[in-house]
Amino acid sequence: AMVSAVLRVLEYHCGVLFLTTNRIKTFDEAFLSRFSIAIAYPELDQAGRYVIWEKFFELADCKICDSAAEETENNVLRVEVEELAQKPFSGLSSLCHCFLFVILNTGYFRALKIRTAQALALSDSSPLKIEHVKTVVRAQEKFLSDFAQLHR
């Protein structure tokens, strides 16, 4: 019943939808005819995660600097970004390769960790700092750890 309801919504929706999953083996075959394109991609390595963190900070108007002497309110130390890049984006993504499906729908990508960190900075009435990002990352890690313990 759930599959048919989702298929009906997809059938009549206009625009672009980006659907990601790491559970491709559980996908109902009825979805396949609705996909315009499917792209498989492996989990990002540390270098790939670094590039994404770098782009997120750039979009948040933060410059990545090499030394504490260069550090200002809107700068982040490169070593701290490298630390962030050592951690996978999601504790669930390492289960298998991920797939990106583009479906007719409307969708957009959100950098949730950076946006949440920006909201923390705003609530502190301060510019975005690495501490805000680390707080969000720690909260996500704790949630994923607690979630994993519930499902053991």
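Some notes on this structure:
- For residue 64, the residues whose modelled amide H falls within less than 5 Å of its own, excluding neighbours fewer than 5 places apart on the same chain, are 76.
- Fully extended contour minus Cα-Cα distance, from residue 13 to residue 73, at 0.36 nm per residue: 17.2 nm
- Going from the fewest other Cβ atoms within 10 Å to the most, the residues 115, 138, 34 appear in the order 138, 115, 34.
- Of all lysines in the structure, the ones whose alpha carbon falls short of 29 Å from that of residue 129, not counting any fewer than 8 places away in one chain, are 55, 63, 87, 113, 142.
Read-outs throughout are calculated quantities, based only on the coordinates presented, and are distinct from any laboratory measurement. Remember, it's a predicted structure, so these values are computed and weren't measured experimentally. Quick reminder, even Gly has a Cβ in these numbers, built from the backbone with ideal geometry, and neighbours come from all protein chains shown.
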